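The values are calculated or read from the model by the stated rules, or taken from the named source; none is laboratory data. The shown structure was predicted, so the numbers you read here are calculated from the model rather than taken from an experiment. FYI the Cβ positions are ideal-geometry reconstructions off the backbone, even for glycines, and counts take in every protein chain you see.
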Amino acid sequence: MTVADRLRAFIIDDLGRWPGRPEDLHDDTPLLSAGIIDSLTIFELIGFVESDLGVHIEDDALLAENFETLGAMIRLVESRTGAD
């Protein structure tokens, strides 16, 4: 599974906060501003990224813009792994 697939599955299955059909969660779907994720779920996402994906997220990356959409989260993780 790709980083995108794993993050998407975590948001849909593990967080359980996605209100729509799985195929409707696109890379550009607003998550933070729409209230689908909040500050607490950001920390759950960070825990998942660090423990399951093995990618450390530094404090200076804890910006709303890095968690606004699935695509932003994918870019954040991939920028720390060198993945494309």
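Brief remarks on what is shown
- Count - residues of region 60-84 that are part of a helix (DSSP H, G or I) and under 12 Å from the mean Cα position of the chain (by Cα): 12
- Of everything in region 1-41 that is hydroxyl-bearing (Ser, Thr, Tyr) and not in a loop (DSSP other than H, G, I, E, B), the residue that is modelled with the highest pLDDT is 41.
- Matching entry among 14, 60, 27 (being touching a Gly at 6+ places or on another chain (Cβ under 7 Å) and either on the phi < 0 side of the Ramachandran plot or touching a residue at least 40 places away in the same chain (Cβ under 8 Å) (or both)): 27
- Scanning region 42-59 for residues being surrounded by 12 or more Cβ atoms within 10 Å (Cβ to Cβ) and either among the β-branched types (Val, Ile, Thr) or not in a helix (DSSP H, G or I) (or both) gives a total of 6.
- For residue 82, the conditions (1) at pLDDT 95 or above; (2) exposed (fewer than 14 other Cβ atoms within 10 Å of the Cβ) are fulfilled apart from (1).
- Total residues in region 30-57, condition touching a residue at least 40 places away in the same chain (Cβ under 8 Å) and of a type in the set (Asp, Glu): 1
- Scan of region 53-83 for residues that are in contact with a helix residue (DSSP H, G or I) (Cβ under 7 Å, 6 or more places away or on another chain) and farther than 19 Å from residue 29 by Cα, ordered by number: 53, 55, 56, 57, 61, 83
- Residue in region 12-25 that is in contact with a Phe, Trp or Tyr (Cβ under 9 Å, 6 or more places away or on another chain) and loosely packed, with under 11 Cβ neighbours inside 10 Å present: yes
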